Amino acid sequence: MKLSAQVDLKMKLEAEFLNEPISVDGLLDEPIWKKAEKTTTFYMNFPKSGIATPDSIQTQVQVAYTTSTLYISAICYGKLQNGVFSLKRDDPVFWEGDIFGVVLDPINTKNSAYLFATNPKGVQADAIMDNQNIGRNSTLTRVLNTSWNTIWQSATQINDTNWTMEIAIPFKVLRYTNTGEWGLNFFRRDVRTNTNHTWAPVPVQFQEMHLDYTGRLRWPIPIKKSKFNFAISPYTLVRNSKNYQSDNSSETTFDFGGNIRMGISKGLNLDITINPDFSQVDVDRQVTNLTTVNIRFPEQRLFFLENSDIFSNFGIPPMRPFFSRRVGLDSDNNPIPIQFGARLSGSVNKNLRIGVMNVQTDRSENQASTNYTSLAANQRVLKQFLLKGYLHNIQATDTENVADEDEFNRVGGLELDYRSKDGKYRGSWGYGLSDTPEVNTKNGFHKMELAYNGRNLNFFTDIAGVGNNYINRIGFFPRNFHVDAVRDTTIRLGFDHFYTRLNYIIYPKNRKINFHNLGVRQIYTVTKDGRPFRYEWIPNYTIQWKNTNKLDISYNVMRPQLLFPFAFTDGEPLPSGFYHYNFGSVSYSSDRRKNLIYTLGLQNGGFYNGTRTQYRLDLTYRIKPWGVYAMNTSLDDLKFPEPYGSAKYWLIGNKTEISFSKKLFWTTFIQYNTQRDNFNINSRFQWQINALSNLFIVYTDNYSVNTWEKKNKSLVIKLNYWLDL
């Protein structure tokens, strides 16, 4: 079967209208399921596409609706084989198990969509997604925003030769302007056969939820426009904390705040937060940083996540004009109190999406109270083009002891994106400017991207750069800053960046192998005055077997220049200048369907004027579906000639999670990092009162690795409750 992005012209499913609601129990015994239209065939997406899914693992779906609720039922054929990996809602491990999911594009623009999924135990996952970065090699954490949550129902039944499910989604939780046909697809992941299937066919080079390949959901009786939706989520907490590095005193505080969500129009949401607290959010996973730039950690705070793509999908990775972690977090990722925030986001009509956000932070030890205002818009033009614009204003609101150059910072820009109907060809062009007191030259940012994503051949290239005076306090431009270890200062320099990636993927007829991936990457970065400081050439090879075992091999040719002295150890900083070195790496991952999973990795070779050897061992043991123990260990052994020193950096991360039920969870992270001289314990108990209401008890403790002296500790008890009015 030849796959086309025009599948929505023939892949149509009609919903059956109901006068009364049905009982969501997963049994499929209601009369409506005997007469509603059924899907006929699901098609393979991975490891092959373009062919019908075998009858033994086919899926049959039906859709019905009332004036207020959308109902979906499914029969998932095939015998289950211990494929439920988690009982926790929205757990990342959920996506590795047996699941059935639905993609809803109510606006039917193929730009963004809602996703709802469940596994055979009825565990839920929901997300919002955009149509970016959804190639086969993209991880789901980049594709899906799983921090978006809403209230819906699901129930399942497990039988000898299949499992069945029913879900009910209230229309009021969806924002839509289109009451005619919606974009629609269903997908399924089957662990026993390691296959992915979809109703509307999706080529193998794309993830199964790709929006260019959706079908259509038809309403015989038009649905009404979405109703006014109003919800509040207040919280209260008590926190006891002690800082052993300052006054060694213990402090107990009480706090309260909350969020308000209003559907102010058929496509727009208004979210308001007052004195938000994010103490229950997962701690950042620590890393050993052996680069000369900062590491970008993902945003996990709920207020910044819904419709976040409207604000954040500008620039190129890792050069982003908007990065929400710049708001309410300092340079060391310590929280800065947020007084309030408001965000209006969503679709004005079928072609226009907007985002307006305003956040006010309090004064902290290192930063004046600051107001952040962000505006962004996406306007579809000429069907395949998207015109995007952004404007950000960072304004000090408490100007006492604030230097003139820190009074304000303004950033704006325009971009034009192109995506072909089949999603294979992409292009993007953009230009931006910054505005800071007394700086109005060499303050530009430019970018260009071209990509082709075929079944076998994938190609991507980008060119981007910033001027010497481009200042963006709400963005992320790591190569813009260079540390001078001798003078203990940071220098900002403009640069141009060139990146190219080429991959050729072979899908062999050998049934034991899913694919071979042969690739090469090239990176070249040069300052505006012509000094190259980064060159990398990296050929690589990946093979994945049908049983999910995977082998990765790469060889790195490195030609960096240190523009300023830089220290990787406690010895003297390496001198500025050019360095030539090469190194190889290999990693092997075992069958991810097993209870015991491991990844072994080795990297060895040169490192500037010395050597680096990295050993890596990741272990995961699952007691399906209620328990998981994971340990990630790496050792980086650095050796430099005297007087530049040597170092051994250990990084050990340990996660233990127990799901006592689908509502009661206990998770503990233990992280040991010798580079940061930190030993961290973060233990969290969660009682999910209902889908969006929770009681959290969170304990955090930090120690110095070198002396084992305590740094700080805290205990937080937090209750938040969702009221849907």
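Each value in this text was obtained by applying a stated rule to the coordinates, not by laboratory testing. Keep in mind that this is a model prediction, so the values were computed, not measured. Quick reminder, even Gly has a Cβ in these numbers, built from the backbone with ideal geometry, and neighbours come from all protein chains shown.
For a quick check: with amide H placed at 1.01 Å from N, whose amide H comes under 5 Å from Ser49's, ignoring anything fewer than 5 positions away on the same chain?
Val204
Alpha carbon centre of the range 672-709 versus the range 550-629: separation in Å?
Distance between centres, Cα-based: 26 Å.
Between (i) 15, 50, 32, 3, 0; (ii) 12, 32, 25, 18, 9, 2, 1, 0; (iii) 15, 43, 33, 9, 0, which matches P(r) over Cα pairs in 20 Å bins from 0, in percent calculated for the structure shown?
(i)
I'd like to compare 385-395, 118-128: which one has the highest average count of other Cβ atoms within 10 Å, and what's the full order after that? Could the numbers behind the result be given before it?
Values: 385-395: 18.6, 118-128: 22.7.
Listed from highest to lowest mean packing, they are 118-128, 385-395.
Can you run phi through the Karplus equation (6.51, -1.76, 1.60; θ = phi - 60°) for the range 656-666 and list ³J(HN,Hα) in whole Hz, with x for Gly and Pro?
Per residue, the Karplus-derived 3J(HN,Hα) values read 10, 9, 10, 9, 5, 7, 7, 10, 10, 9, 9 Hz.
Between Glu181 and Val281, how many nm apart are label points set 7 Å from Cα along the C-beta direction?
4.1
So if we plug the beta-carbon distance of Ile260 and Glu709 into 1/(1 + (r/R0)^6) with R0 = 45 Å, what FRET efficiency do we get, rounded to 0.05?
0.55
Quote to one decimal, in nm, the extra length available between Lys48 and Asp362 on full extension: 0.36 nm per residue of separation minus the C-alpha distance between them.
107.7 nm
Could you sort the peptides 276-286, 185-195, 43-53, 640-650 by per-residue average Cβ neighbour count (10 Å cutoff), highest mean leading?
Top of the packing list down: 185-195, 43-53, 276-286, 640-650.
State to the nearest 20 debye the size of the charge dipole of the range 5-218 about its Cα centre, where the only charges are +1 on K and R beta carbons and -1 on D and E beta carbons.
Result for the range 5-218 is approximately 380 debye, rounded to the nearest 20.
If I stretch the segment between Trp650 and Tyr425 completely, what's the gain in nm (0.36 nm per residue apart, minus their alpha carbon distance), one decimal?
Residue separation times 0.36 nm, minus the Cα-Cα distance, leaves 76.7 nm.
Just add up the charged neighbours of Arg479: K/R +1, D/E -1, any other residue whose Cβ is under 14 Å from the Cβ of Arg479.
Counting the neighbours of Arg479, the net charge comes to +4.
Rounded to the nearest Å, what's the spacing between the alpha carbon centres of the range 275-329 and the range 441-493? Just the number, please.
Between the Cα centres of the range 275-329 and the range 441-493 lies a distance of 17 Å.
Just subtract the alpha-carbon distance of Glu536 and Asp488 from 0.36 nm times their residue separation and send over the number in nm, one decimal.
Contour length minus the Cα-Cα distance gives 14.6 nm.
Could you list Leu695, Leu87, Leu382 in order of exposure, starting from the residue whose Cβ has the fewest other Cβ atoms within 10 Å?
Ordered from fewest to most neighbouring Cβ atoms within 10 Å, Leu695, Leu87, Leu382 come out as Leu382, Leu695, Leu87.
Provide, in order from the shortest bin, the percent of all Cα-Cα pairs of the range 5-218 in each 5 Å bin, continuing until the bin that contains the maximum pair distance.
Result returned by the calculation: 1, 7, 16, 22, 23, 18, 10, 2, 0.
Which whole-number percentage describes the relative contact order of the range 606-725, with Cα contacts under 8 Å and a sequence gap of 6 or more?
In percent, rounded to a whole number, it is 15.
Among 540-546, 362-368, how do they line up from the highest to the lowest mean number of other beta-carbon atoms within 10 Å? Present the calculation step by step, with values, prior to reporting the outcome.
On the way: 540-546: 16.3, 362-368: 13.9.
Sorting 540-546, 362-368 by mean packing, highest first, produces 540-546, 362-368.
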